[in-house]
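The values are calculated or read from the model by the stated rules, or taken from the named source; none is laboratory data. It should be emphasised that the depicted structure is a prediction, and the values quoted were computed from it without experimental measurement. Neighbour counts are summed over all protein chains in view; Cβ atoms, including those assigned to glycine, are modelled from backbone coordinates with ideal geometry.
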Amino acid sequence: MHATARAALRSVVGPGHFRETDGELVPYSRDATPLFQARPDAVVFPADTAEVGAVLDIATRYAVPVIPRGAGSNLCAATVASRGGIVLVLTRLNRILEIAPAELLARVQPGVTSATLAEAASRDGLLWAPDPGSRTVATVGGTIATNAGGLRGLKYGVTRDYVLGLEAVLPTGEVIRTGGRLHKDVAGYDLTRLLTGSEGTLAVITEATLALRPAPTTTGTGIAYFSDLAAAGRAVTAIIAAGILPATLEFLDRSCIRAVEDFARLGLRTDAGALLLFGDDGESDAVAHALERMSDVCTAHHALDVTTAAEVAQAEALLAARRCALPALSRLGELTILEDATVPRPRIAEMVDRIDAIGARHGVTIATFGHAGDGNLHPTCVVKSQDDTDTVTRAERAFAEIFAAAIDLGGTITGEHGVGAAKLPYLSTQLGADQIDLLRRLKTAFDPAGILNPGKLGS
Amino acid sequence: MTDHPGVPLPKPVFDPDLLSRCISCGFCLPACPTYAETGDEASSPRGRINLMRALQNGDLAPDDPTLKEQSSQCLGCRACEPVCPAGVEYGQLLEQWRDHQWRGRRMPVLARALMLAAGRRVPFRLLGRLRGTPRTTVVETSALASGGASLMLGCFERVLFPRVGRAALALVPGLTVPASQSCCGALHAHNGDTATGERLAHRMGEDLPGTIVTTSGGCAAHLASVLGRARVRELSDHLATGSAYRPLGELRVDGRRARVALQDSCHLRNGLGVRTAPRDLLAEIAHYVELPSAGTCCGAAGTYSLLRPRESRRILTTKIDEVEAAGVDFVAAVNPGCLRQLRTGLRRRRSQVKAVHLAELLLMAGESRFPVA
């Protein structure tokens with residue numbers, strides 16, 4: 001990067017918020033995605049929307065890529081500087097600007113973490129529903145940019161269902177405000193939704209207006225054990241078919257149960273083949289009734305054991321343990337390659353069987369956990385040694401087949417983690433040439449110079 | 001993009017198995033006090049591990065200034081460990097990092113001087129005697145066979161806070177106090193000399209028969225990492241679960257039950273997982289008040305308060321604000337470093353709150369007497 005560009009960036013954000021030496025750049029060379037790493041040329045920490053605009057202006061002038069970044073907890077290499085450039089870290093914009101109980105909304109800067117917003121909302125008796133596993137780390141900006149899902153997707157939907165409006169800086173320098181405080185607003189194309197999940201390729205989000213919900217008064221959670229994951233999958237399909245729409249339906253296979261238990265020590269049954277975590281929230285009678293009905297369905301579908309956690313603390317611990325499934329799996333080996341294939345709800349047991357068969361065919365161990373209620377699976381291949389390139393290659397082949405199987409069953413290559421650099425090669429298989437072409441034209445309309453997060457969506 | 005085809009160092013700095021555990025999920029970020037302070041990934045456990053990897057792989061020059069700065073800016077509080085689902089042993093990695101980074105002349109002079117002093121037996125014994133450290137006892141080898149417990153006096157603790165050892169002995173009269181004991185080596189292990197750290201821990205293991213009881217959480221964690229968890233008990237852990245001791249009496253202030261908070265010892269909490277023992281003991285003798293950040297480092301962090309006084313003081317200021325706001329009479333410590341740090345902060349603030357070691361508070365309650373400040 002040109003020396004004058006560096007000087008210009010430094011003067012915009014101030015020397016204390018500019019990084020350029022090798023050691024300073026190393027920590028920004030990767031996010032939470034394994035196998036993707038690239039050192040940027042500089043890192044900047046802007047203080048406000050104006051500074052974001054000024055950084056983009058410099059980047060345009062010197063034709064340098066800009067990679068917007070929150071906490072770097074995404075799992076699709078969306079924030080890796082694949083083509084070098086400037087990593088634009090938005091964590092200094094970390095204020096909750098407003099919580100308006102009367103309107104059931106919050107206005108926040110992008111660097112606030114999901115958990116911080118949820119806590120602030122709960123003080124007003126409100127719920128910030130999007131609940132990604134990384135909620136304590138992930139920023140709201142990143143959650144929006146990846147349209148993150150999480151553990152409450154089945155009943156509450158995903159991030160896109162809660163974004164009312166955005167302030168964003170276009171790579172060409174203009175600041176736009178999309179949507180607003182209204183739940184009903186059909187003026188113009190829905191740019192709010194377009195930017196949600198755009199993975200930092202179209203604009204830099206600098207403020208968000210978000211919908212909150214009244215917090216439920218009661219939460220209840222139960223656990224059912226099954227002989228294998230497919231059996232748990234059949235119970236899940238039956239629960240939804242019975243007209244129950246619970247807040248939580250998460251499952252773990254045997255390897256995942258053991259890894260989670262090893263970390264969280266909750267007394268989970270490690271001899272079972274699968275665990276289904278089910279739960280609901282709302283009025284206490286309704287919650288009790290839903291738990292009872294789900295317990296009955298599980299029992300009817302050959303659950304080995306069904307228990308319902310009486311205390312809220314225990315329910316929270318179970319959910320917290322579930323959120324840790326991925327990192328806990330890394331206890332089993334040096335490298336965990338995780339995927340995000342998602343299928344229509346009734347086909348979940350079928351997909352589980354296919355994953356098992358694919359794993360066996362390629363001689364790799366695949367542990368699976370996921371948001372069963374959403375058909376959202378996280379098959380994870382744990383490789384003992386990073387240097388075992390043979391196993392890594394076989395794992396990659398297995399995952400290519402898993403993607404194909406998901407599409408074959410009417411599903412998607414990614415339910416919630418995003419495309420980023422990690423899944424871009426597979427995107428055209430799912431979307432087809434015409435749609436990929438349209439994506440590129442949209443990208444060009446927003447970012448004619450192609451400076452925003454190149455090598456990702458729209459590239 | 002710049003390519004960095006690294007040439008790995010001839011001798012690895014880090015145990016590769018420890019280094020490969022981290023999958024960069026970032027769950028540690030909210031737990032890290034220095035990340036909270038700076039907001040810079042480089043000051044987070046995940047960022048530091050990526051720096052360690054770059055050093056190990058040769059992707060960064062060994063004299064890179066960020067390596068130097070981050071290996072020393074880290075408090076070493078290990079708050080990242082209990083929240084890490086992958087089970088990364090960050091404390092071990094940091095010791096290996098400093099061992100490399102601070103080798104030879106690059107070690108901070110102050111740390112070197114302290115370590116030189118602490119490694120010797122005689123001066124501490126003499127100083128300790130002047131300050132009234134508990135009388136040592138001659139240990140017969142049979143004590144070891146009978147599985148008895150002995151009290152470690154601590155190199156600096158016996159000089160700075162001799163009352164703590166005396167209180168511990170009064171609470172558990174059966175403890176033997178071997179004369180031949182110096183430093184457990186925690187100081188060395190945390191400051192870039194892991195070899196001496198290990199050697200001194202082994203020597204302590206030979207000098208002290210049976211279970212080693214210590215009033216210092218930091219020493220306990222270091223000794224346990226070298227001698228094994230079964231050999232070592234921090235005092236509150238020993239009192240609550242390892243002995244027949246039951247708290248007696250009540251701490252009273254102005255005719256009412258005293259209000260007492262606790263500052264966790266980071267290594268006791270994060271390294272050994274001892275959290276409830278000191279709280280349970282305090283709740284028996286006083287009205288226990290949990291500080292919002294009881295489990296977060298007070299900024300003492302071993303030699304940190306001496307090596308990086310400005311940052312240490314900033315962390316301490318927040319802590320003292322909290323102690324003052326909690327409306328307590330005492331704040332209990334279970335580690336001499338924390339005790340010194342809290343006393344410094346409270347004195348500077350002219351606070352009415354007193355920082356006292358847990359052992360002394362238990363003894364005061366049992367004897368129903370007021371503390372001497």
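When B:Ala36, B:Ala61 are checked against the criterion of being more than 17 Å from A:Gln37 (Cβ to Cβ) and assigned to a loop (DSSP other than H, G, I, E, B), B:Ala61 stands alone in meeting it.
Looking across segment B:65-75, the residues that are away from every other protein chain (no Cβ under 11 Å) and buried (at least 23 other Cβ atoms within 10 Å of the Cβ) come down to B:Cys74, B:Leu75. Checking every residue in segment A:378-387 against the condition of being crowded, with 22+ Cβ neighbours inside 10 Å and either small (Gly, Ala, Ser) or touching a His at 6+ places or on another chain (Cβ under 7 Å) (or both) gives zero matches. Segment A:244-341 holds strands (runs of 3 or more DSSP E) entirely within its bounds, and those carrying 3 or more residues that are away from chain B (no Cβ under 14 Å) map to A:248-253, A:274-282, A:305-309. Scoring A:Ala395 on the criteria (1) outside any helix (DSSP H, G or I); (2) closer than 19 Å to A:Leu326 by Cβ leaves a single failure, condition (1).
Here the condition is being within 30 Å of A:Leu249 (Cβ to Cβ) and not assigned by TED's automatic domain parsing to the domain that holds A:Ala54; of A:Ala168, A:Ala187, A:Ala102, A:Ala129, it holds for A:Ala129 alone. Looking across segment A:161-191 at every residue that is of a type in the set (Lys, Arg) and not in a strand (DSSP E or B), the one that is nearest to A:Thr49 (Cα to Cα) is identified as A:Arg181. The criterion of at least 3 residues that are modelled with pLDDT under 95 is met, among helices (runs of 4 or more DSSP H) falling completely within segment B:180-287, by B:186-190, B:194-207. Contact map, segment B:175-204: first residue in the same structural domain as B:Gly217 (by TED's automatic domain parsing), second residue surrounded by fewer than 24 Cβ atoms within 10 Å (Cβ to Cβ) and of a type in the set (Phe, Trp, Tyr), Cβ cut-off under 6 Å, separation 6 or more or different chains; pairs are B:Gly192/B:Trp102. Tell me which residues, restricted to segment A:362-377, are touching a residue at least 40 places away in the same chain (Cβ under 8 Å) and either farther than 12 Å from A:Phe251 by Cα or surrounded by fewer than 24 Cβ atoms within 10 Å (Cβ to Cβ) (or both). Across segment A:362-377, the qualifying residue is only A:Thr365. Give the residues of segment A:273-310 that are buried (at least 22 other Cβ atoms within 10 Å of the Cβ), under 23 Å from A:Ile348 (Cα atoms) and not hydrophobic (A, V, I, L, M, F, W, C), sorted by residue number. Residues satisfying the conditions are A:Gly279, A:Asp280. Which members of segment A:388-417 meet the condition of being among the aliphatic types (A, V, I, L, M), over 30 Å from B:Pro16 (Cα atoms) and either touching a residue at least 40 places away in the same chain (Cβ under 8 Å) or crowded, with 18+ Cβ neighbours inside 10 Å (or both)? If the condition is that a residue be among the aliphatic types (A, V, I, L, M), over 30 Å from B:Pro16 (Cα atoms) and either touching a residue at least 40 places away in the same chain (Cβ under 8 Å) or crowded, with 18+ Cβ neighbours inside 10 Å (or both), then A:Ile402, A:Ala405, A:Ala406, A:Leu409, A:Ile413 are the ones that fit. Checking the stated criteria, A:Leu105 turns out not to satisfy the condition of being within 11 Å of chain B (Cβ to nearest Cβ) and within 24 Å of the chain's Cα centre (by Cα).
Given the structure, is A:Ala449 outside any helix (DSSP H, G or I), out of contact with any Phe, Trp or Tyr (no Cβ under 6 Å at 6 or more places or on another chain) and either in the same structural domain as A:Gly197 (by TED's automatic domain parsing) or in contact (Cβ under 8 Å) with a residue 12 or more places away in the chain (or both)?
Working: outside any helix (DSSP H, G or I): yes; out of contact with any Phe, Trp or Tyr (no Cβ under 6 Å at 6 or more places or on another chain): yes; either in the same structural domain as A:Gly197 (by TED's automatic domain parsing) or in contact (Cβ under 8 Å) with a residue 12 or more places away in the chain (or both): yes.
Here the answer is yes, as A:Ala449 does meet what is asked.
To keep it simple, each residue is scored yes or no on (1) touching a strand residue (DSSP E or B) at 6+ places or on another chain (Cβ under 8 Å); (2) at the interface with chain A (Cβ under 9 Å from one of its Cβ atoms); (3) more than 23 Å from A:Leu88 (Cα to Cα).
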{"position": "B:Gly26", "(1), (2), (3)": "no, yes, no"}
{"position": "B:Leu29", "(1), (2), (3)": "no, yes, no"}
{"position": "B:Thr38", "(1), (2), (3)": "no, no, no"}
{"position": "B:Arg46", "(1), (2), (3)": "no, yes, no"}
{"position": "B:Leu51", "(1), (2), (3)": "no, yes, no"}
{"position": "B:Asp63", "(1), (2), (3)": "no, no, yes"}
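Quick check on segment A:93-105. Is at least one of its residues part of a loop (DSSP other than H, G, I, E, B) and in contact with a Ser or Thr (Cβ under 7 Å, 6 or more places away or on another chain)? Taking every residue of segment A:93-105 in turn, at least one turns out to be part of a loop (DSSP other than H, G, I, E, B) and in contact with a Ser or Thr (Cβ under 7 Å, 6 or more places away or on another chain).
Conditions tested, residue by residue: (1) in contact (Cβ under 8 Å) with a residue 40 or more places away in the chain; (2) out of contact with any helix residue (DSSP H, G or I) (no Cβ under 9 Å at 6 or more places or on another chain).
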| position | (1), (2) |
| --- | --- |
| A:Thr159 | no, no |
| A:Val163 | yes, no |
| A:Val169 | yes, no |
| A:Ile176 | no, no |
| A:Gly179 | no, no |
| A:Leu191 | no, yes |
| A:Glu199 | yes, no |
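Output yes when any residue across segment B:5-14 is in contact with a His (Cβ under 6 Å, 6 or more places away or on another chain) and either within 9 Å of another protein chain (Cβ to nearest Cβ) or on the phi > 0 side of the Ramachandran plot (or both), and no when none is. There is no residue in segment B:5-14 that is in contact with a His (Cβ under 6 Å, 6 or more places away or on another chain) and either within 9 Å of another protein chain (Cβ to nearest Cβ) or on the phi > 0 side of the Ramachandran plot (or both).
Quick one: is A:Thr49 over 22 Å from B:Gly47 (Cα atoms) and hydroxyl-bearing (Ser, Thr, Tyr)? Explain how you work it out, then say what you get.
Details: over 22 Å from B:Gly47 (Cα atoms): yes; hydroxyl-bearing (Ser, Thr, Tyr): yes.
Criteria met by A:Thr49.
Applying the criterion of at least 1 residues that are over 30 Å from B:Arg106 (Cα atoms), more than 17 Å from the chain's Cα centre (by Cα) and modelled with pLDDT of 95 or more to the helices (runs of 4 or more DSSP H) found wholly in segment B:289-373 leaves B:309-325, B:336-348, B:358-367. Could you check segment A:11-32 and list, in sequence order, the residues that are surrounded by 17 or more Cβ atoms within 10 Å (Cβ to Cβ), in a helix (DSSP H, G or I) and either more than 10 Å from chain B (Cβ to nearest Cβ) or without any contact (Cβ under 8 Å) to a residue 12 or more places away in the chain (or both)? Those that are surrounded by 17 or more Cβ atoms within 10 Å (Cβ to Cβ), in a helix (DSSP H, G or I) and either more than 10 Å from chain B (Cβ to nearest Cβ) or without any contact (Cβ under 8 Å) to a residue 12 or more places away in the chain (or both): A:Val12, A:Val13, A:Gly23, A:Pro27.
Does any residue of segment A:50-69 turn out to be among the basic types (Lys, Arg), touching a Gly at 6+ places or on another chain (Cβ under 7 Å) and under 18 Å from A:Leu202 (Cα atoms)?
Of segment A:50-69, the ones among the basic types (Lys, Arg) are A:61, A:69.
Applying the additional criterion that residues be touching a Gly at 6+ places or on another chain (Cβ under 7 Å) yields none.
Checking segment A:50-69: not a single residue is among the basic types (Lys, Arg), touching a Gly at 6+ places or on another chain (Cβ under 7 Å) and under 18 Å from A:Leu202 (Cα atoms).
Residues satisfying the criterion are absent from segment A:362-374 (criterion: within 14 Å of chain B (Cβ to nearest Cβ), polar (S, T, N, Q), under 21 Å from A:Ile402 (Cα atoms) and assigned to a strand (DSSP E or B)).
For A:Pro110, the requirement of being within 10 Å of another protein chain (Cβ to nearest Cβ) and crowded, with 19+ Cβ neighbours inside 10 Å is not met. Could you tell me whether B:Pro82 is in a loop (DSSP other than H, G, I, E, B) and either surrounded by fewer than 24 Cβ atoms within 10 Å (Cβ to Cβ) or at pLDDT 95 or above (or both)? The answer is yes for B:Pro82. Of everything listed in (1) in a loop (DSSP other than H, G, I, E, B); (2) facing another protein chain (nearest Cβ under 8 Å), the single unmet condition for A:Leu35 is (2).
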